Number of protein chains: 2
Amino acid sequence: MTRSHIKAGLIQTSFSDDRDKNWKKLTQLLEQTAKAGAELVVLPELHNGLYFCQHEDRQEFERAEPIPGPSTEFLATLAKRLNLVIIGSAFERRAAGLYHNTAVVLDKDGSLAGSYRKMHIPDDPGYYEKYYFTPGDTGFTPIQTSIGKIGVLVCWDQWFPEAARLMTLAGADCLVYPTAIGWDPVDDESEQQRQLDSWVTIQRAHAISNGIPLLAANRHGHEADPDGKTKGTEFWGNSFICGPQGEILSQAAAAEDCLLQADIDLGHNESIRQTWPFLRDRRIDAYAGLDHRFLDQASENELKKNTGE
Amino acid sequence: MTRSHIKAGLIQTSFSDDRDKNWKKLTQLLEQTAKAGAELVVLPELHNGLYFCQHEDRQEFERAEPIPGPSTEFLATLAKRLNLVIIGSAFERRAAGLYHNTAVVLDKDGSLAGSYRKMHIPDDPGYYEKYYFTPGDTGFTPIQTSIGKIGVLVCWDQWFPEAARLMTLAGADCLVYPTAIGWDPVDDESEQQRQLDSWVTIQRAHAISNGIPLLAANRHGHEADPDGKTKGTEFWGNSFICGPQGEILSQAAAAEDCLLQADIDLGHNESIRQTWPFLRDRRIDAYAGLDHRFLDQASENELKKNTGE
């Protein structure tokens, strides 16, 4: 059952390479969040340790674990004790040689409501995720919980309007993005500002075009390059919650541990969608090109064949 | 041939109900723009007169005209004399009882390079466009000009990431949006601010997700409700040009006549797309739901049948 109000929150923090310390920190922050009244909490991506994808190293696969496994057990115990829906993250070992970057949803009773395997996988200097993670095969299906349908996506997904749209069309009540994104310390301040601004802007736009609230939980803090070749990554924090007009409801600074919380009113979502009825007017008869790589000649011919033109 | 640099601009102005006066004003502004060095200029939507869609009145169909017709002739003469690519707008009479809201592109030699029939048609109080305009059947195909491929879209299209994406995939060098959007004077200031902010944000996001520059040309000024039932519309100006990271290059105030201009560097577009390679990572194998109205059970069954699951 979807309720009309959800008290939703997120945690922004930094992580060390000591899983037990990270778990202790998350436990304390989740206790505070529950005390503050949240019913749903989003954690940053890959919260068990450092962002190991800064390099490609086979040893890092030792971090992988099955789902359910230690991380979901840890989160399930907290979810049940604190009566919280928790959206966490795990480096999933699905089979020998098959790994995913996976978000997990624990319901208030401690059950695993579902998981989402990151569909869009980045790969650029400092974010070598294509080495570790097979692109997800879960599709864009919201996860039903006791308090609503959660449109769970992960980090790089946040740059793709298609993902947010599909989650909305599948009935999500809100979008959540566990995230690990930061600055290259080599970039100058104006480039860093443009990147951060782009990241906030594109996610606010998903909220706007779909009339849906959105929570983005990022880590903060500097993490050194494990290979010592670069200046590492400065994770930029700035986690935020926005409403269905893309209006910022709460936003963290670049470098602070914090809890953000907001009231999500599903009745308000519907009223916003009535004011600006984008879902009414989509030209689904003319969107066939969207599942093509590029609309050059080869692709155009294929498209005409399929649509019978 | 697509060149590597384009000097692109737009005109923001207000309009009266006197077409000849509007054309005189546009002529002066286009002369100034050409003098300032622009090669491509975007005009606001339906620039021949007042925004007549504030009411539904059969008399208003008298404004409609064929394409080519008086408006394209007016613009063609200016395009040739001033050596400009002009993106204008017309209420197109295609046949008896068949009308479109159409953007037209005149090349530097005065030829009609192409036209685009607005694909997404709004309809809400003060914007009764579904009464006047049949949704376009041109699809999302950029228009080739002597200085590049222009991704021409119109107003309400700007709320749909699908439109911007399809234009990009079809090879557009930039996106342009002739626009007529404003505030309902009855809304309070905070709501007006959220609406304007949403409008800027979602378009900047199209630039970001596609790595493409964008020009949005709006009108400004108060226009009374022709039926005298409401407080009319306060067209909010704020026309802007942004680069491929969504960075604002130039923006107008809410209520001023002005010319904006920016240098569009297609080499820079490519470098931005290399830094953030979104086009590389789209999950075209998982986007089939995008041409469905909503992913409820009936739609899901259809989808599974089509994808052979």
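Please compute how much accessible surface disappears when B pairs with A, both sides summed, using a 1.4 Å probe, and round it to the nearest 100 Å².
Working: alone 14240 and 14250 Å², together 23110 Å².
About 5400 Å² of accessible surface is lost on pairing.
Output the peptides A:280-293, B:144-157 sorted from most to least packed, where packing is the average of other Cβ atoms within 10 Å over each peptide's residues. Mind dumping the intermediate values first?
Values: A:280-293: 18.4, B:144-157: 24.5.
Highest mean packing first, the order is B:144-157, A:280-293.
Per residue of B:292-304, what is the mean number of Cβ atoms on other protein chains within 10 angstrom of that residue's Cβ? Please report the intermediate quantities before stating the final value.
On the way: counts 6, 5, 7, 10, 3, 0, 0, 2, 2, 0, 0, 0, 0.
That average works out to 3.
Could you name the aspartates and glutamates whose alpha carbon sits less than 18 Å from that of B:Lys80, not counting residues in the same chain fewer than 8 places away?
B:Glu31, B:Glu39, B:Asp107, B:Asp109
Counting other C-beta atoms within 10 Å, and keeping those with at most 10, which DSSP coil trypsin sites (Lys or Arg not before Pro) do you find in segment A:1-105? Write down the numbers at each step before the final one.
On the way: sites: A:Arg3, A:Lys7, A:Arg19, A:Lys21, A:Lys24, A:Lys25, A:Lys35, A:Arg58, A:Arg63, A:Lys80, A:Arg81, A:Arg93, A:Arg94; in loops: A:Arg3.
Hits after loop and neighbour filter: nothing returned.
Under the definition of partner shielding as Cβ atoms of other protein chains within 10 Å of a residue Cβ, what is the mean value for peptide A:152-165? Show your work: numbers first, answer last.
Numbers: counts 0, 0, 0, 0, 3, 2, 1, 8, 8, 13, 11, 4, 1, 6.
Mean shielding count: 4.
Place a +1 charge on the Cβ of each Lys and Arg in segment A:219-301 and a -1 charge on the Cβ of each Asp and Glu, then give the dipole magnitude about the Cα centre in debye, rounded to the nearest 20. Let's see the in-between values first.
On the way: 8 positive and 15 negative charges, 41 e Å.
With only Lys, Arg, Asp and Glu charged at Cβ, the dipole is about 200 debye.
So which trypsin sites (Lys or Arg not before Pro) in segment B:198-238 are both in a DSSP loop and have at most 15 other Cβ atoms within 10 Å of their Cβ? Provide the component values of the computation, followed by the final result.
Values: sites: B:Arg204, B:Arg219, B:Lys229, B:Lys231; in loops: B:Arg219, B:Lys229, B:Lys231.
Qualifying residues, ordered by number: B:Lys229, B:Lys231.
So what are the ³J(HN,Hα) numbers for segment B:37-43, from phi and the Karplus equation (6.51, -1.76, 1.60; θ = phi - 60°), rounded to whole Hz, Gly and Pro as x?
x, 5, 10, 9, 9, 9, 9
How much accessible area per residue does segment B:5-278 have, in Å², with a 1.4 Å probe? Don't skip to the end; give the middle numbers.
Numbers: 9310 Å² over 274 residues.
That works out to 34 Å² per residue.
Run the accessible area of the protein assembly as shown with a 1.4 Å probe and give the carbon-and-sulfur part as a rounded percent.
On the way: 11250 of 23110 Å².
The value for the protein assembly as shown is 49 percent carbon and sulfur by accessible area.
Determine Rg/Rh for segment A:5-278; Rg is computed over alpha-carbon atoms and Rh is the Kirkwood hydrodynamic estimate from the same atoms. Can you show the working numbers first?
Details: Rg = 17.3 Å, Rh = 18.4 Å.
Dividing the radius of gyration by the Kirkwood radius yields 0.94.
Dividing the convex hull volume of the Cα atoms of segment B:151-202 by its residue count, what figure in Å³ per residue is obtained? Walk me through the numbers before you get to the answer.
Working: hull volume 3.5 nm³, N = 52.
Per residue, the Cα convex hull of segment B:151-202 comes to 67 Å³.
Considering all projection directions equally, how large on average is the shadow of the alpha-carbon convex hull of segment B:16-156, in square nanometres? Mind dumping the intermediate values first?
On the way: hull surface 31.8 nm².
If you wrap the Cα atoms of segment B:16-156 in a convex hull and average its projections, you get 8.0 nm².
Give the long-range amide H neighbours of A:Gly182: residues separated by 5 or more places, or on another chain, with amide H under 5 Å away, using H modelled in the peptide plane at 1.01 Å from N.
So A:Gly182 has HN proximity to A:Trp236.
Among the DSSP beta bridges whose two residues both lie in the protein assembly as shown, what percent are antiparallel, rounded to the nearest 5? Show your work: numbers first, answer last.
On the way: 76 of 105 bridges.
Approximately 70 percent, going by the DSSP bridge assignments.
Give me P(r) over the protein assembly as shown, computed from all C-alpha to C-alpha distances, binned every 10 Å, as integer percentages.
Final binned percentages: 3, 17, 26, 25, 17, 9, 3, 0.
Among residues other than B:Ala103 whose Cβ falls under 9 Å from its Cβ, what is the net charge (Lys/Arg +1, Asp/Glu -1)?
Working: positive: B:Arg117, B:Lys118; negative: B:Glu45.
Residues close to B:Ala103 contribute a combined charge of +1.
Order these peptides, B:165-174, B:294-303, A:264-273, by their mean beta-carbon neighbour count within 10 angstrom, highest first. Let's see the in-between values first.
On the way: B:165-174: 24.3, B:294-303: 13.6, A:264-273: 17.2.
Output ranking for B:165-174, B:294-303, A:264-273: B:165-174, A:264-273, B:294-303.
For peptide B:167-178, what's the mean number of Cβ atoms from other chains within 10 Å of each residue's Cβ? Let's see the in-between values first.
On the way: counts 2, 2, 8, 7, 3, 0, 0, 0, 0, 0, 0, 0.
So the per-residue partner count for this stretch is 2.
Beyond 29 Å between alpha-carbons counts as too far, so tell me which of A:Lys130/A:Lys304; B:Lys25/B:Lys118; B:Lys118/B:Lys304 fall in that bin. Don't skip to the end; give the middle numbers.
Values: A:Lys130/A:Lys304 33 Å; B:Lys25/B:Lys118 25 Å; B:Lys118/B:Lys304 32 Å.
Distance filter (> 29 Å) returns A:Lys130/A:Lys304; B:Lys118/B:Lys304.
Check A:Ala217: other-chain or 5+ apart residues with amide H under 5 Å from its amide H, H built from backbone geometry?
Hits under the 5 Å cutoff: A:Tyr177, A:Thr179.
Compute the separation of the alpha-carbon centres of segment B:263-309 and segment B:43-107 and state it in Å as a whole number.
Value for the Cα centre distance between the two parts: 33 Å.
At 222 nm, what helix-only mean residue ellipticity would the protein assembly as shown give, in deg cm²/dmol to the nearest 500, using -39500 (n - 2.57) for each DSSP H run of four or more? Intermediate results must be reported in sequence, preceding the final value.
Numbers: 16 runs with 179 residues, N = 618.
Calculated at 222 nm, the ellipticity per residue is -9000 deg cm²/dmol.
When a/c reaches 1.5 or more, the comparison of a/b and b/c decides; with that in mind, is segment B:249-292 rounded, prolate or oblate per its Cα gyration tensor?
oblate
May I ask you to derive the relative contact order of segment B:14-156, considering only C-alpha pairs under 8 Å and at least 6 residues apart, and to give it as an integer percent?
Details: 261 pairs, mean separation 29.5, N = 143.
Once normalised by length, the contact order is 21 percent.
Cross-link partners among lysines for A:Lys305, C-alpha distance below 20 Å, same-chain residues fewer than 8 apart left out?
Cross-link targets: B:Lys305.
The values are calculated or read from the model by the stated rules, or taken from the named source; none is laboratory data. All of these numbers come straight from a predicted model, not from anything done at the bench. A quick note on method: Cβ atoms are made from the backbone with ideal geometry, for glycine too, and the neighbour counts reach across all protein chains shown. With ligands, DNA and RNA removed, areas are computed over all heavy atoms of the protein, side chains included. Shrake-Rupley method; radii C 1.70, N 1.55, O 1.52, S 1.80 Å.
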